[in-house]
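Undergrad: Below: one structure in structure tokens.
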Amino acid sequence: MARTDAEIIELFKTAVFEVDNKKLGDVTQQTTLASLGLDSVQTMEVIGAMEEKLNVQFPDEDLATLKSIGDLMNLIHRLSRA
Amino acid sequence: MPVDQSYLGDATFLDALLRAGEVTSRGFTFLSSDLEESAYSFAELVAEARKRGRHLQRLGLRKGDRLAMVIPESEDFVLTFLGAVTVGVVPVPMYPPLALGKLDGYMETAERILSTSRARLLVTTKKVAPILWSLAGKAQGLEDIITVDRLAEPAPFDGEPVSVSPSDPCFLQFTSGSTSDPKGVVVTHGSLIHNARAIMFDGLQSTPETDKGVSWLPLYHDMGLIGFVLSPIVAHVACVFIQTMSFVKRPTVWMDMVSKYKGTITFAPNFAFALAAKYAARNNKEGFDVSRLRVVGCGAEPIHAATLKKFSEAFAPAGLSPHAIMPCYGMAEATLAMSFDPLDRGYSTLTIDRETYENDHVAKPAEGDAAKVELVACGSTFPGHQLAIMDPDGKILPDGHVGEIVFAGPSVANGYFENPEATRAAIKDGWLHTGDLGFLRDGVVFVSGRMKDLIILNGRNYHPQAIEWEVEKVSGIRKGNVVAFAVRGEDTEKLVIVAEARKDAGPELAEQVKDAVKNALGLSVHEVLVVPPGGLPKTSSGKLQRRKTRSGFESGELGRENRTLGSNATKATVARHLTKSMMAKLRHRVGRVTRVLRSPMDLMRAGRS
């Protein structure tokens, strides 16, 4: 099912909260994953939580190029079209 | 417990592998990221490996040649690795480019490992190959990059028989310590068979009929590869492999698969115990049962008693025995394992007096209110091996005295590949110098730090751990993510601390850290650099890289990348690597066409790709 960008951002915020008990402020397409204060294991936990919520699997080789929320959105849109 | 003694006839790992080829009742099960099974009996595993070995011979590889491997999926990794071993080709496992971002650093390390090992061929997967092609022109001696599906094709032709001796290299294990100067530990057929026996029979007292290993550990790392692939082959113990990425994304999968497959043995580093415990509530579905686990080994990084306790409590309701947790100690230079805590006892700790440890280098049990440190016991070494504590003059120290941990015995690997200088520094008079600080107590080893990281301030030695322990007490600092080191000052060394802050930490954190160290140890800190979570350099297995932290601090790079490397910068990096890759592939192809004229072998290879 296709998701809007706003929905994806909300899901993302929920995932970060579940992983790190942390409420994020403004998150935009330009927000980088590195700026959220998560370490590498926590980042992967968030990715895993997103997969679960969206019922998709992000291909491993795409993760190497994932840097911003916008990148994540593009990946999700691409997977939901596939 | 009755133990099968037939393994004693194997002189090399290859002997053991071929003997496992007769076992049809047990084997390895590889799980995909969707948890779909792909199962092989040991007989099927060995048959497939031999087929891949024949392919490698046909590609021109001969005994002793190195084969670099970048294969993220466990099934193809294991079959290809074993395939190389069947024909005496020496695999060089490398980690895949899967971490988010960080492609520049990855390519640099990959190139150095390829050049150092002088691998003739790199085998990878279709998904990863596009990014690796840029290595083709750069890495010394690398003749070609192939994808693993070529080795999986039928091979209706004979191979050439190969015999190996115990002193022949079986594979190269690159240590993840330093990126500028990677060193490949030469694991020989002999050191491997001895360490595998020590692990499976002396340490785990394994019974092949009832044991089952479950592992998500990466196979390019010694604990995953030797502990769960090579040693179980020697002992004919069945194993189930979870993709490493599956665990990192969904930590519940580890214990869920232990429950589903009735696992009896599993191992992981300390951080994974914390992660699994955090998500344990989600494991507790109906029928979730880990009561068959008899060993949950913990090693590969410093072990924290509090983490083990949390894990133990989290899975107790699902039947985890309090005696299953087993701390252990090892390193690649010892092939893998140097000591295991005794079975069926659970972990134990020793709380020592910090002042005596720091000032007199003696571990004395703490009393009363004195400052103390709790250390986890890592057991004693295996029969036929020796573990001792040595002072800087090479004298063996008595019980309770702190010094360098040294190890001797048939498990010691054959030094570093084509690096006699580093080998001489690591192995002296038969003793492997681990570089770890620790002490023995009734034969049981306690590891307390790394030698090379000792900080000398005004002529006095300080263990960085002692300083880091104080810093970790400051709220706002992430536990286990602190590095203390000294830099050269004008007259004397100066103390620097780099620490990861929790995201909600305020700007006053650096001052608080300075105060904490001053109050506890009387040391003045020259500079405190607070970095965001994940800001400290770590190895692919998550260990802090102290020397890299120091060099990053000294060059001014540390703490800066997170501010400048935005999304676009990363995209540019990826694009640049892909472009370089494509160009290199083109050049390589052109190069091959010209080489065709030289040998029929090249003609065959050029025509096939």
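Undergrad: Probe radius 1.4 Å, ligands and nucleic acids ignored: give me the carbon and sulfur share of the accessible area of chain A as a rounded percent.
TA: Working: 1840 of 3790 Å².
C and S fraction of accessible area: 49 percent.
Undergrad: How big is the charge dipole of chain B about its Cα centre, in debye rounded to the nearest 20, if each Lys and Arg gets +1 on its Cβ and each Asp and Glu gets -1 on its Cβ? Provide the component values of the computation, followed by the final result.
TA: Working: 71 positive and 69 negative charges, 494 e Å.
Dipole magnitude for chain B comes out near 2380 debye.
Undergrad: In addition: Kindly give Rg over Rh for segment B:237-391, based on alpha-carbon atoms, with the Kirkwood expression for the hydrodynamic radius. Please list the in-between numbers first.
TA: Values: Rg = 17.3 Å, Rh = 17.0 Å.
Ratio of gyration radius to Kirkwood radius for segment B:237-391: 1.02.
Undergrad: Let me check against my output: what whole-number percent is the relative contact order of segment B:96-156, with C-alpha pairs under 8 Å and at least 6 apart?
TA: Details: 56 pairs, mean separation 21.8, N = 61.
Over segment B:96-156, the number comes to 36 percent.
Undergrad: In a shell of Cβ-Cβ distance under 13 Å around residue B:277, excluding residue B:277 itself, what net charge do Lys and Arg (+1) and Asp and Glu (-1) give?
TA: Working: positive: B:278, B:282, B:309, B:310; negative: B:313.
Summing Lys and Arg as +1 and Asp and Glu as -1 gives +3.
Undergrad: Tell me the label-point distance for the pair residue B:418, residue B:518, using the 7 Å Cα-to-Cβ offset, in nm and rounded to one decimal.
TA: 5.4
Undergrad: Of all DSSP beta bridges located in chain B, what percent are antiparallel, nearest 5? Provide the component values of the computation, followed by the final result.
TA: On the way: 54 of 86 bridges.
So the antiparallel bridges in chain B amount to around 65 percent.
Undergrad: Okay, moving on. Taking a ≥ b ≥ c as the square roots of the eigenvalues of the Cα gyration tensor of segment B:443-482, is the shape rounded (a/c under 1.5), prolate (a/b larger than b/c) or oblate? Kindly include the intermediate steps, with their values, before the conclusion.
TA: Working: a/c = 2.67, a/b = 1.23, b/c = 2.18.
Oblate shape, in that a/c is at least 1.5 and b/c is the bigger or equal ratio.
Undergrad: Sticking with this one: Over segment B:223-329, what is the relative contact order in whole percent, taking alpha-carbon pairs under 8 Å and six or more residues apart? Don't skip to the end; give the middle numbers.
TA: Working: 135 pairs, mean separation 27.9, N = 107.
Once normalised by length, the contact order is 26 percent.
Undergrad: Next question. Just for the protein assembly as shown, what percent of DSSP beta bridges are antiparallel, to the closest 5?
TA: Values: 55 of 87 bridges.
Given both bridge residues lie in the protein assembly as shown, the antiparallel proportion sits at roughly 65 percent.
Undergrad: Taking a ≥ b ≥ c as the square roots of the eigenvalues of the Cα gyration tensor of the protein assembly as shown, is the shape rounded (a/c under 1.5), prolate (a/b larger than b/c) or oblate? It would help to have the intermediate numbers written out before the result.
TA: On the way: a/c = 1.38, a/b = 1.14, b/c = 1.21.
Note, shape of the protein assembly as shown comes out rounded.
Undergrad: Other chains' Cβ within 10 Å of A:22-32 residues: what's the mean?
TA: Working: counts 3, 0, 1, 0, 0, 0, 0, 1, 3, 2, 8.
Partner-chain Cβ atoms within 10 Å, mean over residues of A:22-32: 2.
Undergrad: What net charge do the residues around residue B:319 carry, taking every other residue with its C-beta under 10 Å from that of residue B:319, with Lys and Arg at +1 and Asp and Glu at -1?
TA: Values: positive: B:292; negative: B:289.
Here the count lands on 0.
Undergrad: Could you list the chymotrypsin sites (Phe, Trp or Tyr not before Pro) in segment B:65-156 that lie in coil according to DSSP, counting only those with at most 15 other Cβ atoms within 10 Å of their Cβ? Numbers along the way, then the final one.
TA: Values: sites: B:77, B:81, B:106, B:133; in loops: none.
In loop regions of segment B:65-156 (DSSP not H, G, I, E or B), there are no sparsely surrounded chymotrypsin sites (Phe, Trp or Tyr not before Pro).
Undergrad: Identify, among B:438, B:18, B:276, the residue whose Cα sits farthest towards the positive end of the charge dipole of the protein assembly as shown, taking +1 on the Cβ of Lys and Arg and -1 on the Cβ of Asp and Glu, with the dipole about the Cα centre.
TA: B:18
Undergrad: Charges at C-beta only: +1 for Lys and Arg, -1 for Asp and Glu. How large is the resulting dipole of the protein assembly as shown about its Cα centre, in Debye rounded to 20? Spell out each step's value before the answer.
TA: Working: 79 positive and 83 negative charges, 446 e Å.
Roughly 2140 debye, rounded to the nearest 20.
Undergrad: Read phi for every residue in segment B:346-359 and hand back ³J(HN,Hα) as whole Hz from Karplus 6.51 cos²θ - 1.76 cosθ + 1.60, θ = phi - 60°, with x for Gly and Pro.
TA: x, 7, 9, 10, 10, 9, 10, 6, 5, 5, 5, 5, 5, 8
Undergrad: How big is the A-B contact in terms of buried accessible area, both chains counted, 1.4 Å probe, rounded to the nearest 100 Å²?
TA: Numbers: alone 5060 and 26600 Å², together 29080 Å².
The A and B chains share an interface burying roughly 2600 Å².
Undergrad: So, one more: Need one value for A:58-70: mean number of C-beta atoms belonging to other chains within 10 Å of its residues' C-beta atoms. Don't skip to the end; give the middle numbers.
TA: Numbers: counts 3, 2, 12, 10, 1, 7, 14, 12, 4, 11, 5, 1, 1.
What the average comes to for A:58-70 is 6.
Undergrad: Any idea which of A:32, A:49, A:9 is furthest toward the positive side of the dipole for chain A, if Lys and Arg beta-carbons carry +1 and Asp and Glu beta-carbons -1?
TA: A:9
Undergrad: Skipping prolines and chain starts, which residues have an amide H placed within reach, meaning under 5 Å, of the one on residue B:428, given they are 5 or more residues away or on another chain?
TA: When sequence neighbours closer than 5 places are left aside, the close amide H contacts are B:433.
Undergrad: Something else now. To the nearest 0.05, what FRET efficiency results for residue A:57 and residue A:10 with a Förster distance of 22 Å applied to their C-beta separation? Can you show the working numbers first?
TA: Details: r = 21 Å, r/R0 = 0.94.
Efficiency, rounded to the nearest 0.05: 0.60.
Undergrad: Moving on to the next point. Pairs of alpha-carbon atoms within less than 8 angstrom and 6+ residues apart define the contacts here; what relative contact order does chain B have, in percent? It would help to have the intermediate numbers written out before the result.
TA: Working: 1222 pairs, mean separation 63.9, N = 609.
Worked out over chain B, it gives 10 percent.
Undergrad: I'd like the accessible area for residue B:348, computed on protein heavy atoms only with a 1.4 Å probe and all protein chains in place. Round to 10 Å², please.
TA: Accessible surface of residue B:348 is approximately 60 Å².
Undergrad: Sort B:429, B:65 from largest to smallest accessible area, using a 1.4 Å probe on the heavy atoms of the protein chains.
TA: Numbers: B:429 155, B:65 30 Å².
From most exposed to least exposed: B:429, B:65.
Undergrad: Could you compute how much accessible surface residue B:116 exposes when probed at 1.4 Å, giving the result in Å² to the nearest 10?
TA: Answer for residue B:116: close to 50 Å² accessible.
Undergrad: Just to confirm my numbers, what's the Cα centroid distance between segment B:295-365 and segment B:415-459 in Å?
TA: So the separation of the two Cα centres works out to 20 Å.
Undergrad: Looking only at other chains, what is the average number of their beta-carbon atoms within 10 angstrom of each beta-carbon in B:248-257?
TA: Working: counts 7, 13, 7, 4, 1, 1, 0, 0, 0, 0.
Mean partner shielding for this stretch: 3.
Undergrad: Please work out the FRET efficiency for the pair residue A:21 and residue B:115, using the Cβ-Cβ distance as r and a Förster radius of 56 Å; give the result to the nearest 0.05.
TA: Values: r = 45 Å, r/R0 = 0.81.
Once the sixth-power term is evaluated, E becomes 0.80.
Undergrad: Considering every pair of different Cα atoms, what Kirkwood radius, in Å, is found for chain B? Intermediate results must be reported in sequence, preceding the final value.
TA: On the way: mean 1/r = 0.0391 Å⁻¹.
Hydrodynamic radius (Kirkwood, Cα pairs) of chain B is 25.5 Å.
Undergrad: Along Cα→Cβ, 7 Å out, is where each label goes; now give me the distance between the ones at residue B:181 and residue B:291 in nm to one decimal.
TA: It works out to 5.5 nm between the two label points.
Undergrad: Now for a separate question. State the extension gain, in nm to one decimal, for the chain segment bounded by residue A:30 and residue A:78, taking 0.36 nm per residue of separation less the distance between their alpha-carbons. Before the final figure, lay out each step's value.
TA: Details: separation 48, 0.36 × 48 = 17.28 nm, distance 1.82 nm.
Contour length minus the Cα-Cα distance gives 15.5 nm.
Undergrad: Another one. Roughly how much of residue B:26 is accessible, in Å² to the nearest 10, using a 1.4 Å probe?
TA: Residue B:26 exposes around 50 Å² with every protein chain in place.
Undergrad: Quick one: if the Förster radius is 25 Å, what FRET efficiency do residue B:359 and residue B:554 give, using the C-beta to C-beta distance and rounding to 0.05?
TA: On the way: r = 29 Å, r/R0 = 1.18.
Once the sixth-power term is evaluated, E becomes 0.25.
Undergrad: Considering the dipole of chain B built from charges on the beta carbon (Lys and Arg +1, Asp and Glu -1) around the Cα centre, which of B:416, B:214, B:55 is farthest to its positive end?
TA: Ranked along the dipole, the leading option is B:55.
Undergrad: A further question on this structure: If you average the alpha carbon positions of segment B:29-81 and of segment A:17-82, how far apart do those two centres end up, in angstrom?
TA: Cα centroid of segment B:29-81 versus Cα centroid of segment A:17-82: 32 Å apart.
Undergrad: By how many degrees, 0 to 90 and rounded to 10, does the Cα axis of helix B:305-315 deviate from the longest principal axis of chain B?
TA: 60
Undergrad: Sticking with this structure for a sec: Amide H neighbours of residue B:436 under 5 Å, counting only residues 5+ apart in sequence or on other chains, H built in-plane at 1.01 Å?
TA: Hits under the 5 Å cutoff: B:405, B:451.
Undergrad: Right, something else. Name the long-range amide H neighbours of residue B:90: under 5 Å, sequence gap of 5 or more, or other chain; modelled H, no Pro or chain starts.
TA: Here B:64, B:65, B:66, B:67 satisfy the definition.
Undergrad: Sorted by accessible area with a 1.4 angstrom probe, largest first, how do B:544, B:275 fall?
TA: Values: B:544 50, B:275 10 Å².
My answer, sorted largest first, is B:544, B:275.
The values are calculated or read from the model by the stated rules, or taken from the named source; none is laboratory data. Just so it is clear, the model here is predicted, and its values are computed rather than measured. Quick reminder, even Gly has a Cβ in these numbers, built from the backbone with ideal geometry, and neighbours come from all protein chains shown. Protein only, heavy atoms only, side chains kept; ligands, DNA and RNA dropped before computing areas. Shrake-Rupley method; radii C 1.70, N 1.55, O 1.52, S 1.80 Å.
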